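A.B. asks: Take this structure, written in structure tokens, and hold onto it; I'll ask about it next.
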Amino acid sequence: MATANLDTRFFGHPRGLATLFFTEMWERFSYYGMRALLLLYMISPTGLQFDKSKGAAVYGMVVSLVYLMSIPGGWLADRFLGQRKAVLYGGIGIAAGNFCLVVPSVEMFYFGLSLISLGTGLLKPNVSTLVGSLYAPGDTRRDAGFSIYYMGINLGAFVAPLVCGYIGQMIEWRYAFIAVGIGMTLGIVQFLLDSKHLGEAGLHPAPFASAAEAAQQKRYLWLGSAFLVGIPVLLATGIVPATVTQLADALGVLLLVVIVAVFAGVYFGPWTSAERKRILVIFVLFLVASIFWSSFEQAGSTLNLFADEKTDNQLFGMPFPSTWFQSLNSVFLIALAPVFGWIWLRLGSREPSVPAKFVLGLVFVGAGFLTLVPAASLTITGVKVSPMWLTLTYLLHTIGELCLSPVGLSAMTKLAPAQVVGVIMGVWFLATSVGNYIGGRLAGFYESMPLDTLFGYVGAFAIGAGLLLALFIKPLRTMMGGVK
Ligand code: GLN
């Protein structure tokens, strides 16, 4: 049998990459299928009939928690489960969660969303770690492997709004969650049948260095589980009464505490001054990425509402569901990713530095929002605008994503001291979590603020932050100490 690192059966890559490609494709299908409908379903008169600010609060919590949970999810796999079991249990949680959403009960709705958050936290970071473990250190195919994997993500993200959005908006909201659950189930079956191609990867957790360490990690496990199970129970039983908005506010505070704790913990480690400077760069990139995602991830919140309420959703006279706009990001990404790979390669030594690419990311995402300002002004009189506006916005957003997302991911692994690479990957997901939280909650302003003002502020803030970052490109490059 070919060993993993000599295996070239999947487009020159190990066969196991196909297993992970399809697992993540189905997981993203389920995530983006659910996300496309979540806010619309909550606020619709034929759905849960929440008001917009409550819907935005629940939405912001869910999309933030799915990424926040990848920090404990990654840790659980590393120390107790191994990645393989984590992916499997995560997938089961996601599928079960979506089937719960089909039940017409608000309690089941919240329970299902909790399962989805926990399941995604278990699956998403660990399936990425498994991709990395297919390649021996120094295998030059690693980056290309991740690019192929990113295509899997976007294939799922592309199809999901088309299928689930159609079912949800044109037939019945809750039937769409059946499709979502079936998709994840197919992903699990595929993973089980095909995991033989993963060899030994992710079968076992990392062994404990000592009995004392094992005891300490187990204490964390009990504490963490008590927290994750206890809080929902206290809330569901009403022992701790809280409104959805109060809970969302509390999550905001928790995110702040996590950021401070993680960075303080990492910064005050036993580092050389060069390493400490790189950690500061990671912190700056983290802040920038959080701002970027808080604009970009409005795809499922404010932009979704704009598509639903203010856009004339017709193509050549044929009406289409507003959630279909959410496929555009993936279409553009699949088309443009090779172009960007080529551009960076062509630029050679003139390729922009990581901080410079982050500036570009912010400027493009900001420009996407500024594009919508005139469109939003037109809608004030009640007219519905052409779908071209949002299409242009998503094109600009995707260009921004290509400048920032893959670059940021690999920069994290290069800038982090080796002992804390795992934690720093968690930091990257934390930026997505923070961004999703802010982006989700901004939908709460959708009605209370004129839309052109809201989009104008978001765009100007992103571009302003980009220009501010531009002033620091040089010192940041120096602090990176030769890391490219
Ligand atoms: N679209 C990518 C994914 O779903 C990245 C999302 C993000 O990090 N905000 O994996």
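The values are calculated or read from the model by the stated rules, or taken from the named source; none is laboratory data. In this text, all values refer to a predicted model and were calculated from it rather than measured experimentally. For neighbour counting, all protein chains shown are included, and Cβ atoms are generated from backbone atoms with ideal geometry for every residue, glycine included. Surface accessibility is based on the protein's heavy atoms, side chains included, excluding ligands, DNA and RNA. Shrake-Rupley method; radii C 1.70, N 1.55, O 1.52, S 1.80 Å.
A.B. asks: Does M184 satisfy the criteria of being within 15 Å of the ligand (Cβ to nearest atom), on the phi < 0 side of the Ramachandran plot and of a type in the set (A, V, I, L, M)?
C.D. replies: yes
A.B. asks: Right, another one. For segment 278-298, check the following and say yes or no: at least one residue is of a type in the set (D, E) and surrounded by 16 or more Cβ atoms within 10 Å (Cβ to Cβ).
C.D. replies: yes
A.B. asks: Tell me which residues, restricted to segment 392-433, are of a type in the set (A, V, I, L, M), more than 13 Å from the ligand (Cβ to nearest atom) and at pLDDT 95 or above. Talk me through it step by step, then tell me what you get.
C.D. replies: In the first step, residues of segment 392-433 are kept if they are of a type in the set (A, V, I, L, M); the result is 392, 395-396, 399, 402, 404, 407, 409, 411-412, 415-416, 418, 420-421, 423-425, 427, 430-431.
When the remaining residues are screened for being more than 13 Å from the ligand (Cβ to nearest atom), the result is 392, 395-396, 399, 411, 415-416, 418, 420-421, 423-424.
Scanning segment 392-433 gives L392, L395, L396, I399.
A.B. asks: Check G444 against each of (1) away from the ligand (no atom under 16 Å from the Cβ); (2) surrounded by fewer than 22 Cβ atoms within 10 Å (Cβ to Cβ); (3) over 19 Å from I259 (Cα atoms); (4) touching a residue at least 12 places away in the same chain (Cβ under 8 Å) and name the one condition it does not meet.
C.D. replies: G444 satisfies every listed condition except (2).
A.B. asks: Cβ-Cβ distance below 8 Å, separation of 6 or more or different chains: which pairs start in segment 275-299 with a residue that is touching a residue at least 24 places away in the same chain (Cβ under 8 Å) and closer than 15 Å to M412 by Cβ and end on one that is within 14 Å of the ligand (Cβ to nearest atom) and open to solvent by 50 Å² or more (accessible area, probe 1.4 Å)?
C.D. replies: If the second residue must be within 14 Å of the ligand (Cβ to nearest atom) and open to solvent by 50 Å² or more (accessible area, probe 1.4 Å), the pairs left are S290/I438.
A.B. asks: Tally up the residues in segment 236-255 that are in a helix (DSSP H, G or I) and either farther than 25 Å from L430 by Cα or in contact with a Leu (Cβ under 6 Å, 6 or more places away or on another chain) (or both), please.
C.D. replies: Looking only at that region, the number is 1.
A.B. asks: Would you tally the residues in segment 28-53 being modelled with pLDDT of 95 or more, open to solvent by 30 Å² or more (accessible area, probe 1.4 Å) and in a helix (DSSP H, G or I)?
C.D. replies: The number of residues fulfilling the criteria is 2.
A.B. asks: Let me ask you something else. Take W389 and tell me if it is more than 14 Å from the ligand (Cβ to nearest atom) and crowded, with 17+ Cβ neighbours inside 10 Å.
C.D. replies: Yes: the conditions hold for W389.
A.B. asks: Looking only at segment 71-90, count every residue that is open to solvent by 10 Å² or more (accessible area, probe 1.4 Å) and within 16 Å of the ligand (Cβ to nearest atom) and tell me the total.
C.D. replies: 2
A.B. asks: Also, I was wondering about something else. Looking only at segment 148-166, count how many residues are crowded, with 22+ Cβ neighbours inside 10 Å, over 13 Å from R35 (Cα atoms) and away from the ligand (no atom under 13 Å from the Cβ).
C.D. replies: 0
A.B. asks: Then there's this: Give segment 412-444 a look and list any residue that's polar (S, T, N, Q) and under 13 Å from the mean Cα position of the chain (by Cα), or say none.
C.D. replies: Correct list: T432, S433, N436.
A.B. asks: Take the conditions of a type in the set (F, W, Y) and touching a Ser or Thr at 6+ places or on another chain (Cβ under 9 Å) and apply them to Y166. Does it pass?
C.D. replies: yes
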